[in-house]
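Let me begin by presenting the structure, written as C-alpha cells, before commenting on it.
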Amino acid sequence: MARITDASDDWSATVSLSQDEIWQARGGSFFLTTTPSPEPDDGVLLPEGSGILLSAGRNVRYRRAGPVMDTVIIREGV
C-alpha cells in the first residue's frame, strides 16, 4: 500500500501504473485525471472515503480538492 500526502492545488506529475490499483481518499478530497495535459477544471472528484479502480497502463495525475490541506490518498495494487 502506497500513501500520497503531497497533493497540492496543481496537477501532480504523471504516475504511470504498472498494475491495476485502487486509489482511495482517506483524508480530504481530491481530483483525479488520466488526461495527458489536464486543464485546471478537469478530473473526477473523489470525496473523502471514496475510491476508484484504475487499470494498469494508465497515466494518472491528481490534485487536492476543497479546503482540507492534509489530503491523504492510498494506492493499493489489486
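Values computed for the structure shown
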read-out	value
Residue-normalised accessible area of region 35-78, given per residue in Å² at a 1.4 Å probe	61
Rounded to the nearest 20 debye, dipole of the chain from Cβ charges on Lys, Arg, Asp, Glu	180
Relative contact order %, the chain, counting alpha carbon pairs below 8 Å whose residues are six or more apart	51
Cα gyration tensor shape for region 32-75, rounded if a/c is under 1.5, else prolate or oblate	oblate
Ranking by accessible area, most exposed first, for TRP11, TRP23 with a 1.4 Å probe	TRP11, TRP23
Shape parameters for the chain, alpha-carbon atoms, Rg then Dmax in Å	11.2, 32
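The values are calculated or read from the model by the stated rules, or taken from the named source; none is laboratory data. Note that the coordinates shown come from a computational prediction; the quantities given were computed from them, not determined experimentally. Here Cβ is always computed from backbone atoms with ideal geometry, including for glycine, and neighbour counts include all displayed protein chains. For the accessible areas, the whole protein counts, side chains as well, though only heavy atoms, and no ligand, DNA or RNA atoms are used. Shrake-Rupley method; radii C 1.70, N 1.55, O 1.52, S 1.80 Å.
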